[in-house]
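The values are calculated or read from the model by the stated rules, or taken from the named source; none is laboratory data. Remember, it's a predicted structure, so these values are computed and weren't measured experimentally. So basically every Cβ, Gly included, is an ideal-geometry build from the backbone, and we count neighbours across all protein chains shown. Quick note on the areas: whole protein, heavy atoms, side chains included, nothing else; ligands and nucleic acids left out. Shrake-Rupley method; radii C 1.70, N 1.55, O 1.52, S 1.80 Å.
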Protein chains: 2
Amino acid sequence: MITCSAPGKVYLFGEHAVVYGEPAIACAINRRISTSIELVSSGKTRVDAMGKRLNCNSEEFKYACCAVQTVKRLFETDFGAEITIRSQLPSRQGLGSSAAVTVSTIKALAECLGIELENEAVAKIGHQVETAVQGRASPADTFVSSTGGVVFIEQTTTSHLSPLNIPIIIGATGIERSTSDVIASVARMKQKYPSLVTDILSSMGDVTRLGKQKLADEDFVGLGELMNINQGLLESIGVSDDALSRLVYAARTAGALGAKITGAGRGGCVLALAQDGNVKKVSQAIVMQDAQVLNAAFSNLGLQTE
Amino acid sequence: MITCSAPGKVYLFGEHAVVYGEPAIACAINRRISTSIELVSSGKTRVDAMGKRLNCNSEEFKYACCAVQTVKRLFETDFGAEITIRSQLPSRQGLGSSAAVTVSTIKALAECLGIELENEAVAKIGHQVETAVQGRASPADTFVSSTGGVVFIEQTTTSHLSPLNIPIIIGATGIERSTSDVIASVARMKQKYPSLVTDILSSMGDVTRLGKQKLADEDFVGLGELMNINQGLLESIGVSDDALSRLVYAARTAGALGAKITGAGRGGCVLALAQDGNVKKVSQAIVMQDAQVLNAAFSNLGLQTE
């Protein structure tokens with residue numbers, strides 16, 4: 001049995017805009033998904049998580065099975081697989097659990113099959129899987145989960161930025177949402193107001209570029225300010241909601257340097273940038289809004305075999 | 001004694017952006033301020049409101065007194081005045097109370113002095129007064145309060161759009177704010193991120209132009225959608241806050257077609273566009289957030305002598 005694990009991620013800037021070719025900055029976090037695989041002769045794929053057999057409608061099942069099909073197709077081979085997933089990431093909360101399941105499954109399969117795959121190659125295959133399952137996907141998701149660290153994404157180019165050492169707090173609403181539904185709603189709005197929405201997405205791109213500079217300067221106050229601007233732009237394209245907005249304001253009021261949605265929005269999580277002195281206060285403010293605080297930190301650890 | 005009254009107003013689109021030359025749409029409402037004036041020989045100006053003598057730091061006092069000084073200067077005359085203000089508008093809540101005090105004072109003074117002034121001329125003098133008190137002011141505020149109706153403002157040009165017959169609900173946080181402080185904070189942000197903030201203000205201008213078309217088409221669903229986009233853009237320039245955001249989401253959740261800040265923001269009011277069937281539900285949702293619901297409607301009635 002081979003076990004591979006991969007990190008979840010947060011978007012510091014640029015979710016949604018990245019779907020339309022604008023740049024984004026995503027960061028791996030220290031909460032991971034582990035996938036253990038044992039090849040079997042039956043030809044069937046079975047996926048377990050939390051000690052239970054997953055049905056074929058569950059998120060994890062879809063991505064893991066599509067990863068299996070894709071590996072079979074690309075490497076012209078056939079096999080059955082017993083897959084066991086252990087997750088530190090809530091699913092459908094915008095923390096990249098689907099990318100982490102996908103790349104850890106691909107990597108573990110490759111190891112089982114004796115195929116050598118660099119992490120970046122896993123990311124590319126993973127992007128095919130995500131595109132097949134979701135219809136449209138950013139290459140960033142599987143790249144970040146494969147390579148770890150802080151990643152600047154622009155169109156099909158990805159590059160690592162310096163590691164980021166500042167406390168973050170993730171507030172999870174617990175409201176599940178479908179990434180593809182939210183992405184489709186933005187596409188509809190863009191179709192209805194093409195020039196306006198293109199300009200707003202382009203402003204998000206500008207925020208990301210300015211944010212990249214703030215990261216280089218280690219100007220965390222400026223970074224937080226730009227996260228808040230990004231949040232407003234996300235509000236304008238309709239991907240925030242009451243619960244997310246409350247968490248954003250709770251975090252800011254408690255002293256967070258910045259707070260915004262991370263991921264597709266309309267449910268899912270909020271990312272707050274804290275300071276060493278106010279992590280507890282910001283966490284408590286989020287808990288007071290009936291949300292779950294996930295202990296997490298930025299992480300440079302990508303996909304790895306355990 | 002001469003009494004003149006003038007309406008308050010809401011911004012359907014474009015507050016803040018209008019300060020930077022982008023278009024805006026403002027609408028007079030049926031809540032008014034009445035100013036009664038009696039000229040006296042003493043040479044002093046005294047301002048009463050709600051049966052009390054106002055001190056010289058109150059908003060109403062500043063605008064009324066500056067209106068008196070401006071009229072004295074423009075018409076090369078001198079007089080004392082006893083001014084009594086009765087208001088249906090909460091002050092410092094972004095509903096145009098300062099413009100309404102200003103234009104009703106100027107009009108009543110002109111009547112007392114036997115000077116004939118068209119409402120549009122009053123608006124222009126009123127703009128001088130607002131600029132003197134605030135440092136920077138939109139000509140739209142005094143124009144709308146003088147002429148009533150639905151007004152499209154672009155740079156120094158103002159024109160009336162068709163009357164608007166759809167229920168509105170105003171939710172007042174009761175939090176007072178200084179228009180000039182909020183305007184100054186946007187100016188600081190624009191200085192820090194010139195290209196980004198210019199683009200966001202320009203997107204607000206696009207929302208206003210699209211909104212003008214929706215008004216012409218009587219497409220109220222589209223109008224509400226654009227109000228929501230405008231709200232996000234206002235969030236992005238940092239003029240919303242927790243209390244306003246809660247009212248916005250409460251109204252939308254209760255079925256409002258759209259909801260946004262009206263006026264400078266950071267306190268003040270939210271404007272929600274309701275439908276005939278859900279006025280009560282939206283009002284109750286706002287009250288549940290500890291805000292005051294102001295009964296109001298769009299109005300074509302401008303400045304008038306009573």
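Data table
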item	result
Conditions (1) modelled with pLDDT of 95 or more; (2) over 18 Å from B:Ile175 (Cα atoms); number of the one not met by B:Gly277	(1)
Some residue of segment B:115-136 being free of Cβ contacts under 8 Å to residues at least 40 places away in the same chain, among the small types (Gly, Ala, Ser) and over 29 Å from B:Gly211 (Cβ atoms)	no
Subset of segment B:190-203 [open to solvent by less than 50 Å² (accessible area, probe 1.4 Å), over 16 Å from B:Tyr11 (Cβ atoms) and more than 8 Å from every other protein chain (Cβ to nearest Cβ)]	B:Val197
Those residues of segment A:139-167 which are within 15 Å of A:Lys212 (Cα to Cα), in contact with a Pro (Cβ under 9 Å, 6 or more places away or on another chain) and touching a residue at least 40 places away in the same chain (Cβ under 8 Å), in sequence order	A:Gly149, A:Val150, A:Phe152, A:Ile153, A:Glu154
Some residue of segment A:95-118 being part of a strand (DSSP E or B), crowded, with 17+ Cβ neighbours inside 10 Å, at pLDDT 95 or above and not aromatic (Phe, Trp, Tyr)	no
Boolean, B:Ala172 is on the phi < 0 side of the Ramachandran plot, away from chain A (no Cβ under 12 Å), surrounded by 16 or more Cβ atoms within 10 Å (Cβ to Cβ) and in contact with a helix residue (DSSP H, G or I) (Cβ under 6 Å, 6 or more places away or on another chain)	no
Residue check, A:Thr208 touching a Lys or Arg at 6+ places or on another chain (Cβ under 9 Å), within 18 Å of A:Gly21 (Cβ to Cβ) and at pLDDT 95 or above	no
Subset of segment A:26-68 that is surrounded by fewer than 20 Cβ atoms within 10 Å (Cβ to Cβ) and hydroxyl-bearing (Ser, Thr, Tyr) - its residue that is farthest from A:Leu109 (Cα to Cα)	A:Ser58
Segment B:238-250: number of residues that are assigned to a helix (DSSP H, G or I) and either out of contact with any Gly (no Cβ under 6 Å at 6 or more places or on another chain) or within 7 Å of chain A (Cβ to nearest Cβ) (or both)	8
Residues being hydrophobic (A, V, I, L, M, F, W, C) and either open to solvent by 10 Å² or more (accessible area, probe 1.4 Å) or part of a helix (DSSP H, G or I) (or both) - total across segment B:269-287	5
Subset of segment B:212-237 that is open to solvent by 30 Å² or more (accessible area, probe 1.4 Å) and within 10 Å of another protein chain (Cβ to nearest Cβ) - its residue that is nearest to A:Gln231 (Cα to Cα)	B:Asn228
Residue in segment A:251-268 that is touching a residue at least 40 places away in the same chain (Cβ under 8 Å), in a helix (DSSP H, G or I) and either more than 8 Å from chain B (Cβ to nearest Cβ) or more than 21 Å from the chain's Cα centre (by Cα) (or both) present	yes
Conditions (1) open to solvent by less than 50 Å² (accessible area, probe 1.4 Å); (2) touching a residue at least 24 places away in the same chain (Cβ under 8 Å): number failed by B:Asp206	(2)
